[in-house]
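The values are calculated or read from the model by the stated rules, or taken from the named source; none is laboratory data. Note that the coordinates shown come from a computational prediction; the quantities given were computed from them, not determined experimentally. Positions of Cβ are generated from backbone atoms using ideal geometry, with glycine treated the same way; all protein chains shown enter the neighbour counts.
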Amino acid sequence: MTESSVIIAGFGGQGILLAGEVLANALMLDGKDVTWYPCYGAEMRGGTVNCEVVASDDEVSSVNKKEADFIIALNQLSFEKFLPKLKKGGWIIANSSLVKELRSRIDVNYFFAPITHLANELGEIRISNIISLGILSKIGKLTSIETLHKALDMVLPEHKKNLLPLNLEALETGFNLQPVPVTVG
């Protein structure tokens, strides 16, 4: 890895910033230089939220990159807004529970998964963000699932440590998903 950029986006209440914080901490545990840059509207819950995590073997050159290597889009608005910012050959992970499975670009890779549905099956809709990190770990190979486990334990506040087993299960669920091959064009 020289430098990689990940955008995580959705609406307020989906745990977008927490997911970015977990990813940033995992990458730091791997010895990377990392910048975590949150962006959200004044309305917060229900409004659009995104963050960018940039990791490098050397010093991070900047945030708010022109193009991202990976995008996690947990809702339709985020999918539409950030797909144009995805690098050629990059990956977009999209929550097909809330995003139409459209493939308007043929120069990028898509991973559609019913993330909200899977979170509901695990009994907690608020772990969609963590499922998406499991998927990113598998396809992005930026950090291991084990390092994400450690980062999650570090980031969860003490009063929410009881949620750690469920969040670890969510990571594993995302990591174990298989992409459905699609022919584009």
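Below, the figures for the structure above:
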| item | result |
| --- | --- |
| Meets criteria (surrounded by fewer than 18 Cβ atoms within 10 Å (Cβ to Cβ), modelled with pLDDT of 90 or more, among the basic types (Lys, Arg) and closer than 18 Å to GLY20 by Cβ) for LYS160 | no |
| Residues being crowded, with 18+ Cβ neighbours inside 10 Å, in a loop (DSSP other than H, G, I, E, B) and modelled with pLDDT of 90 or more - total across segment 1-57 | 1 |
| Selection count where residues are in contact with a Phe, Trp or Tyr (Cβ under 7 Å, 6 or more places away or on another chain) and hydroxyl-bearing (Ser, Thr, Tyr), scope segment 5-33 | 0 |
| Out of VAL60, VAL54, VAL99, sole residue that is without any contact (Cβ under 8 Å) to a residue 60 or more places away in the chain and under 21 Å from GLY13 (Cβ atoms) | VAL99 |
| Conditions (1) within 12 Å of ILE8 (Cα to Cα); (2) crowded, with 21+ Cβ neighbours inside 10 Å: number failed by ASP69 | (2) |
| Inter-residue pairs, beta-carbon under 9 Å, first more than 15 Å from ALA113 (Cα to Cα) and without any contact (Cβ under 8 Å) to a residue 12 or more places away in the chain and in segment 69-82, second small (Gly, Ala, Ser) and outside any helix (DSSP H, G or I), 6+ apart | GLU80/ALA73 |
| Tally of residues being closer than 14 Å to PRO165 by Cα and buried (at least 22 other Cβ atoms within 10 Å of the Cβ) across segment 135-149 | 1 |
| Subset of segment 160-177 [over 14 Å from the mean Cα position of the chain (by Cα), among the aliphatic types (A, V, I, L, M) and closer than 17 Å to GLY140 by Cβ] | LEU177 |
| Hits in segment 101-134 (condition: in contact with a Phe, Trp or Tyr (Cβ under 7 Å, 6 or more places away or on another chain) and closer than 20 Å to PRO165 by Cβ) | GLY134 |
